[in-house]
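Asks: Okay, here's the structure, questions in a sec.
The values are calculated or read from the model by the stated rules, or taken from the named source; none is laboratory data. What you see is a predicted model; the values in this text were computed from it and never measured. Methodologically, a virtual Cβ is constructed for each residue, glycine included, from the backbone with ideal geometry; neighbour enumeration extends over all protein chains shown.
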Amino acid sequence: MLAFKLAYKNLVGAGLRTWLNVFVLSLSLVLIVMTWGILDGWNIQAKQDMKEWEAGGGEYWHELYDPLDPLSYNDGQGLIPPEIEKMYSSGEAVPVLVTQATVYPEGRMRNILLKGIDPSQEIVKMPTSLMKGDTSVINAIIGIRMAKATKLSENDRVTIRWRDANGTFDATEIRIAGIFHSNVATIDNNQIWLPLDRLQKMTSIQGHASYIILKQGILSAPTIPGWIHKGYDVLFADFEAVIKTKHIAGSIVFLILLSLALLAVFDTQVLSIFRREKEIGTYIALGMTRWQVVWLFTVEGAMHAILAFIAGAIWGTPLLYLLAKYGYSMPKGTEGYGFTMAEKIYPIYGAGTIIIMAVIIMAATTVVSYIPSRKIAKMKPTEALRGKV
Amino acid sequence: MDNSEIISVQNLTKRFPMGLSEFTALRGINLSFSRGEFSGVVGPSGSGKTTLLNIIGLLDNPTEGDAVILGNSSKKLSVKTAALLRRKHMGFIFQTYNLLPVYTVFENVEFPLLLLSMTTGERKKAVLQSLEWVGLSDKEKSKPAQLSGGECQRVAIARAMVKRPEIVLADEPTANLDADNSHHILKTMEKLNSELRTTFIFATHDEKVISYLRRKITLVDGKVSRDEVLKP
């Protein structure tokens, strides 16, 4: 306790030097909490968006369907199994059919995916009901990214071309019945959504689907021959990988900042020991053991971290609070990145993150304070008293 | 009155390495000090005064011989036990005061008591009394930088005396002070010596200090050349 009391007095007495070190340490703490808060907020928001817009409560994929392999689309579809038909009828599942196609906006050609979904579904948030109505034309919906890429607007008509189950090319005109805004890029980029029955008819594969989206909250996922259940662990795997990479990048920035702060603390400790030889000699003459003095200087260095927590709390809490309240606006253009990201991310700060960071900073500061302080144990008090070490 | 021996130095030799050779600071010193002495080790620079004080203060070890302090042989003392002996039984006064710059006068004087784990109330009482002895009761909240040299040395005396040690070692305590301040400080120490029976040992070549000593030990080239009682 004595060491803490003395260390505090010495630190505060050191003035600006202390506060500069404390500020850099608090900066690294606040920035890492903020960065990880943004990533956690993004993670949670994005997963929620993905559940609401795309994944529902999980999916069944046809055993040959691979969304990353366009060549699998022809074979990766099959008759909707009776178990799913039952769930579909009761509104607990919705089938989706996927096929390759080409769209010709303003005479240009663009490869796309046609996805068929029931316009009456309520399992995902897409405004599929816009596809209902006038049956003399095929009503389609597209996402904002697709609309920008093709310069298509609502009520525009555009030609699409596809091959049916027999390999015969066919083409027709569709009407853009609606453009939806979603943070989930994977239901938007290069995709046109059509009514399922129309797409089945166009491709001559009645009753087929490529994958099935389950309603959120459906807990049981029975084994269905020819169909593979995909839980969130698989559906969010790519996104998790992105978040993990971002976490690593954020940690590297934190480590760089922390290293700078620790270097400053180390430097201060080394300088302190040289500059305060006489003081060290006095402590020993007054009856402190050498290891008590080593401990005092170590605590003094480590206390930078404690002051940094206090300083970080003073200036960081309002900043982090405002950020959590008003959100962090993502730069324009991020919607084209290809992964789920809201226009504004609301950081979520976990107590675990703060505690882990505090422990890391405290431990690292103690170590860098102890290393130079060990020198004191080897000092001769008579020489220290004369400032001749 | 208890005049028992509290310090005994036997055949004390201290050599320091100097490059490839050695410098002999003390050569076979034999001395003893009794409780309540007000004595000084005098001599020119380099005669070994400070080295002798450092060995008596257990801040340094003899190369040969022994120093027995309060019944403890320096040969057998661990670094930690030596620190505990200094903490409980010794006070130091240095030429350059060696006050802790970030502490107030009160805190500087309080410091040795913190090491003795005294209660806040006990510490406060002892510090205020010690400051009263040296006439600095009105400066308890000042920092050393706000004090004159004489005042700083009085704080150092108060710090040395606050725990009422048995031995006070003062190395050139008046070297940085003018005549008035020197006399003031010496009178203070003389008074504390007679009131508390504290043994004072000075290392000095200042005539003003010598004029207050009751025993003068003259060192020349690391040897005791004279050991005389000036005042009974």
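Asks: Please find, within region A:58-86, the residue that is surrounded by the fewest Cβ atoms within 10 Å (Cβ to Cβ) out of those that are touching a strand residue (DSSP E or B) at 6+ places or on another chain (Cβ under 6 Å) and at pLDDT below 90.
Replies: So the residue we want is A:P70.
Asks: Additional query: Could we say that A:T282 is touching a strand residue (DSSP E or B) at 6+ places or on another chain (Cβ under 9 Å) and in a helix (DSSP H, G or I) here?
Replies: yes
Asks: Still on this structure, please answer the following. Which residue pairs have Cβ atoms closer than 9 Å, lie 6 or more positions apart in sequence or on different chains, and pair a first residue in region A:356-380 that is within 14 Å of chain B (Cβ to nearest Cβ) with a second residue that is surrounded by 14 or more Cβ atoms within 10 Å (Cβ to Cβ) and of a type in the set (K, R)?
Replies: Taking only residues 6 or more apart or on different chains, the pairs are A:I376/A:R290; A:A377/A:R290; A:K378/A:R290; A:M379/A:R290.
Asks: Residues in region B:101-115 that are within 8 Å of chain A (Cβ to nearest Cβ) and either in contact (Cβ under 8 Å) with a residue 40 or more places away in the chain or of a type in the set (A, V, I, L, M, F, W, C) (or both): how many?
Replies: Adding up the residues that qualify gives 7.
Asks: So, in region A:12-48, exactly how many residues are over 23 Å from A:L260 (Cβ atoms) and of a type outside the set (K, R)?
Replies: Residues in region A:12-48 being over 23 Å from A:L260 (Cβ atoms) and of a type outside the set (K, R): 9 in total.
Asks: Same structure, new question: Only one residue in B:A82, B:A67 is in a helix (DSSP H, G or I) and crowded, with 16+ Cβ neighbours inside 10 Å. Which one?
Replies: Only one candidate qualifies: B:A82.
Asks: Restricting to region B:26-66, count the residues that are of a type in the set (S, T, Y), under 21 Å from B:I185 (Cα atoms) and within 14 Å of chain A (Cβ to nearest Cβ).
Replies: Counting residues in region B:26-66 that are of a type in the set (S, T, Y), under 21 Å from B:I185 (Cα atoms) and within 14 Å of chain A (Cβ to nearest Cβ) gives 1.
Asks: How many of the residues in region B:187-232 are surrounded by fewer than 21 Cβ atoms within 10 Å (Cβ to Cβ), in contact with a Ser or Thr (Cβ under 9 Å, 6 or more places away or on another chain) and part of a loop (DSSP other than H, G, I, E, B)?
Replies: Final tally of qualifying residues: 5.
Asks: Continuing with the same structure: Here is a check on your reading of the model: is A:I218 within 26 Å of the chain's Cα centre (by Cα), aliphatic (A, V, I, L, M) and not in a helix (DSSP H, G or I)?
Replies: So A:I218 fits the description; yes.
Asks: With the requirement that a residue be touching a residue at least 60 places away in the same chain (Cβ under 8 Å), closer than 27 Å to A:D238 by Cα and polar (S, T, N, Q), what does region A:179-225 give you?
Replies: Residues satisfying the conditions are A:S182, A:N183, A:T186, A:N189, A:N190, A:Q191, A:S210, A:Q216.
Asks: I would also like to ask the following. Cβ-Cβ under 6 Å, sequence separation 6+ or interchain: first residue in region A:136-151 and loosely packed, with under 14 Cβ neighbours inside 10 Å, partner among the basic types (K, R). Which pairs?
Replies: Close Cβ pairs (under 6 Å, with a partner that is among the basic types (K, R)) amount to A:V137/A:R175.
Asks: Now a separate question. Mind listing just one residue for me: the one in region B:90-100 that is within 9 Å of chain A (Cβ to nearest Cβ) and surrounded by 19 or more Cβ atoms within 10 Å (Cβ to Cβ) and, of those, farthest from B:R154 (Cα to Cα)?
Replies: So, considering only residues that are within 9 Å of chain A (Cβ to nearest Cβ) and surrounded by 19 or more Cβ atoms within 10 Å (Cβ to Cβ), the one farthest from B:R154 (Cα to Cα) is B:M90.
Asks: Next question. Quick one: in region A:10-19, which of the residues that are hydrophobic (A, V, I, L, M, F, W, C) and at pLDDT below 85 is farthest from A:I314 (Cα to Cα)?
Replies: The qualifying residue farthest from A:I314 (Cα to Cα) is A:A14.
Asks: Would you tally the residues in region A:12-52 being within 14 Å of chain B (Cβ to nearest Cβ) and either in contact with a Leu (Cβ under 6 Å, 6 or more places away or on another chain) or assigned to a helix (DSSP H, G or I) (or both)?
Replies: 5
Asks: Continuing with this model, one more query. Select from region A:61-83 the residues that are in a loop (DSSP other than H, G, I, E, B) and among the aliphatic types (A, V, I, L, M) and write down the one among them that is farthest from A:T223 (Cα to Cα).
Replies: Going through the qualifying residues, I end up with A:L68.
Asks: Moving to a separate point now. Only one of (1) in a strand (DSSP E or B); (2) in contact (Cβ under 8 Å) with a residue 60 or more places away in the chain; (3) farther than 30 Å from A:E83 by Cβ fails for A:I176. Which number is that?
Replies: Exception for A:I176: condition (2).
Asks: A further question follows. Quick one: is A:A285 away from chain B (no Cβ under 14 Å) and either over 26 Å from A:I80 (Cβ atoms) or of a type outside the set (F, W, Y) (or both)?
Replies: The answer is no for A:A285.
Asks: Of all residues in region A:152-180, how many are surrounded by 15 or more Cβ atoms within 10 Å (Cβ to Cβ), among the hydrophobic types (A, V, I, L, M, F, W, C), in contact with a Phe, Trp or Tyr (Cβ under 8 Å, 6 or more places away or on another chain) and closer than 29 Å to A:L79 by Cβ?
Replies: Total satisfying the criteria: 2.
Asks: Within region A:349-389, can you find the residues that are assigned to a loop (DSSP other than H, G, I, E, B) and of a type in the set (S, T, Y)?
Replies: A:Y349
Asks: Also, I was wondering about something else. Could you tell me whether A:K9 is surrounded by fewer than 19 Cβ atoms within 10 Å (Cβ to Cβ), away from every other protein chain (no Cβ under 14 Å) and of a type in the set (K, R)?
Replies: It is false that A:K9 is surrounded by fewer than 19 Cβ atoms within 10 Å (Cβ to Cβ), away from every other protein chain (no Cβ under 14 Å) and of a type in the set (K, R).
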